[in-house]
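Comments concern the structure below.
The values are calculated or read from the model by the stated rules, or taken from the named source; none is laboratory data. Worth saying up front: this structure is predicted, and the values here are computed from it rather than measured. Cβ placement follows ideal geometry from the backbone for every residue including glycine, while neighbour counts extend to all protein chains displayed.
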C-alpha cells in the first residue's frame, strides 16, 4: 500500500487525492462485498442466467443463487470456486444471457482476460 497523491479529475480544478492507494493484485483479483450483488438482484429483474466472467471466489454467482437466479461463472485463474471454470472471457464464444461482474478489464493483465484484437 502507498500513500500517493493522485489527481482526481482532469476536467475540474485539480486537487490531490489523499487516500490509501492499494497495490495492484496479481491478475487484478478484487473481491466485492456480497451485499453489492444481493442489492443488485433485489432491484433488477433478470430473465435467463447471469454469468460472472471474473468470478474469483464466487461471490456474485452465489448471491444470484440465493436470489433464485441461475448463474454460471468463470475466471482466468482457478481461485477455488467449485461452480466455475477457467476461461478467457474476451476470447470465448460461449453465449451468455447476462454478464454481471465487479470489473471487466481490457488491459493485458486484466482480471478477465485480454481482448481479442
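State all residues of segment 65-78 that are surrounded by fewer than 16 Cβ atoms within 10 Å (Cβ to Cβ), touching a helix residue (DSSP H, G or I) at 6+ places or on another chain (Cβ under 9 Å) and closer than 18 Å to residue 30 by Cα; if no residue qualifies, say none.
Within segment 65-78, just 77 meets the criteria.
Test of understanding: among 62, 38, 25, 87, which residue is modelled with pLDDT under 95, under 20 Å from residue 97 (Cα atoms) and surrounded by 10 or more Cβ atoms within 10 Å (Cβ to Cβ)?
Criteria check complete, one pass: 87.
Does residue 102 meet the test of being within 23 Å of residue 24 (Cα to Cα) and either in a loop (DSSP other than H, G, I, E, B) or at pLDDT 90 or above (or both)?
yes
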